[in-house]
Structures are given as structure tokens and as C-alpha cells.
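Taking it in order: structure first as C-alpha cells, then the write-up.
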Amino acid sequence: MKYFELEPADISNLNDADLREMVARLCEAELIQQKIQPSCVLWGGAQEAPDGGLDVRIKDSPTFRTPSFVPRENTGFQVKKNSMGKTACTNEMLEKGSVKPIITDLALKNGAYIIVSGKDDCSDKMLSERLNGMRVAIKDLGNKDDLLLDFYGRDRLSTWLRQ
């Protein structure tokens, strides 16, 4: 065990609420590093409550000097404790066959949508498959090129934590 560092296995052991809180706190810390007030990070409520498709949202923050794990001023994170394959990523972004309204809103704001999995460690191929699944979900969105898509597994969360 390495001291003062969470390993990917430690992340997998978090429950849903703790994983969401970790992502929210990482977002707050990144904004503080950018000299931006963390009040732009929105999260909370019961983990089981309907959230419209986002667990953590960065809303209308000032421009980042050096974007990192929070890539854009309007970024949404959907946090899942379980593994998320290509099909699960596609399905997560859809509601009754259409792109969830919150994702459409992020695209209108030139934002980013990121699915976070507390179980996955992605090789380059696995990451590409998940991103392709996300692209399938927004294939009919008129401004799909304005939306940055990404997927963070527990390996990337560990990297973010080390910062």
C-alpha cells in the first residue's frame, strides 16, 4: 500500500454517494487551482434522486487558463459505481430513445459530458469503444461537434487524485 494515495482498487470500494462526492470535490479542487470559485460546481441531494443525467455539473464558470480533468466551463459528470461498456454508455445518454435534455444543453453551451466509472480500468481500445458508444447516442444531435465527450475509469480518477 502506498501512503496518502488512493489506488484504483480503493476507488472501486467506494459506494455510489462517496464516488460522486469524490468527483465533486476533485472538480472543486481543480477550479480552485484555476483561481475560480468552487461555487460553479453543482452537486448534492440524495444519490438515488432523479438527476436528469448528471451527478456533478460545472455551470457557467469563468474561462479556464489550463483545462485539465474539467475540460470546459460547462461540464457534466455522470458517475456510476458499476462498469460501463459501450452499450451502457450509449443507453446512459438516452431517454426514451432521444438524447437527454441536459446533454443537449451542454452541447448548446459548447460543453463537455463525461461518464465516470468506479470499476473500469480502460486500455486505449476499451476507452475508444466507450467513446464510440457515447458518439452513437448523439449521432442525430445537430451540434454534436460542439460537445466534448470523455470517459473516466478508476485509473484516470487515480491520476486526477494525484494532482
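The values are calculated or read from the model by the stated rules, or taken from the named source; none is laboratory data. Because the structure is predicted, anything quoted here is derived from the model rather than measured. All Cβ positions, even for glycine, are placed from backbone atoms using ideal geometry, and neighbour counts span all protein chains on display. With ligands, DNA and RNA removed, areas are computed over all heavy atoms of the protein, side chains included. Shrake-Rupley method; radii C 1.70, N 1.55, O 1.52, S 1.80 Å.
Which residue, of SER158, SER68, is under 15 Å from the mean Cα position of the chain (by Cα), crowded, with 17+ Cβ neighbours inside 10 Å and among the polar types (S, T, N, Q)?
Numbers: SER68 fails: crowded, with 17+ Cβ neighbours inside 10 Å.
Selected residue: SER158, the only one of SER158, SER68 that is under 15 Å from the mean Cα position of the chain (by Cα), crowded, with 17+ Cβ neighbours inside 10 Å and among the polar types (S, T, N, Q).
From the list ASP140, ASP145, pick out the single residue that is part of a helix (DSSP H, G or I) and of a type in the set (Asp, Glu). Don't jump to the end; show me each part of the working.
On the way: ASP140 fails: part of a helix (DSSP H, G or I).
Matching residue, one of ASP140, ASP145: ASP145.
Only one of LEU31, LEU131 is under 27 Å from GLU7 (Cβ atoms), buried (at least 19 other Cβ atoms within 10 Å of the Cβ), out of contact with any Lys or Arg (no Cβ under 6 Å at 6 or more places or on another chain) and at pLDDT 95 or above; which? Explain how you work it out, then say what you get.
Values: LEU131 fails: buried (at least 19 other Cβ atoms within 10 Å of the Cβ).
Matching residue, one of LEU31, LEU131: LEU31.
Any residue in region 142-154 that is surrounded by fewer than 13 Cβ atoms within 10 Å (Cβ to Cβ), more than 23 Å from GLN37 (Cβ to Cβ) and without any contact (Cβ under 8 Å) to a residue 12 or more places away in the chain?
First pass over region 142-154, keeping only residues surrounded by fewer than 13 Cβ atoms within 10 Å (Cβ to Cβ): 142-143, 145.
Going one step further and asking which of them are more than 23 Å from GLN37 (Cβ to Cβ), we end up with 142-143, 145.
Imposing the further condition that a residue be without any contact (Cβ under 8 Å) to a residue 12 or more places away in the chain reduces the set to 142, 145.
Taking every residue of region 142-154 in turn, at least one turns out to be surrounded by fewer than 13 Cβ atoms within 10 Å (Cβ to Cβ), more than 23 Å from GLN37 (Cβ to Cβ) and without any contact (Cβ under 8 Å) to a residue 12 or more places away in the chain.
When region 84-115 is examined, which residues are found to be small (Gly, Ala, Ser) and under 27 Å from PRO62 (Cβ atoms)?
Taking region 84-115 as the starting set, the residues that turn out to be small (Gly, Ala, Ser) are 85, 88, 97-98, 107, 111-112.
Result: ALA107, GLY111, ALA112.
Would you mind finding the one in SER61, SER83 that is open to solvent by less than 80 Å² (accessible area, probe 1.4 Å), touching a Ser or Thr at 6+ places or on another chain (Cβ under 8 Å) and either in a loop (DSSP other than H, G, I, E, B) or in contact (Cβ under 8 Å) with a residue 24 or more places away in the chain (or both)? Spell out how you get there, then give the answer.
Numbers: SER61 fails: touching a Ser or Thr at 6+ places or on another chain (Cβ under 8 Å).
None of the others qualify; the one that does is SER83.
Test GLU7 against the criterion of being open to solvent by 40 Å² or more (accessible area, probe 1.4 Å), closer than 19 Å to GLY153 by Cα and touching a helix residue (DSSP H, G or I) at 6+ places or on another chain (Cβ under 7 Å), and give yes or no. Before you say what the answer is, go through the steps one by one.
Details: open to solvent by 40 Å² or more (accessible area, probe 1.4 Å): yes; closer than 19 Å to GLY153 by Cα: yes; touching a helix residue (DSSP H, G or I) at 6+ places or on another chain (Cβ under 7 Å): yes.
Here the answer is yes, as GLU7 does meet what is asked.
I need a count of the residues in region 92-124 that are under 23 Å from ALA17 (Cβ atoms), in a helix (DSSP H, G or I) and open to solvent by 40 Å² or more (accessible area, probe 1.4 Å).
Number satisfying all stated conditions: 0.
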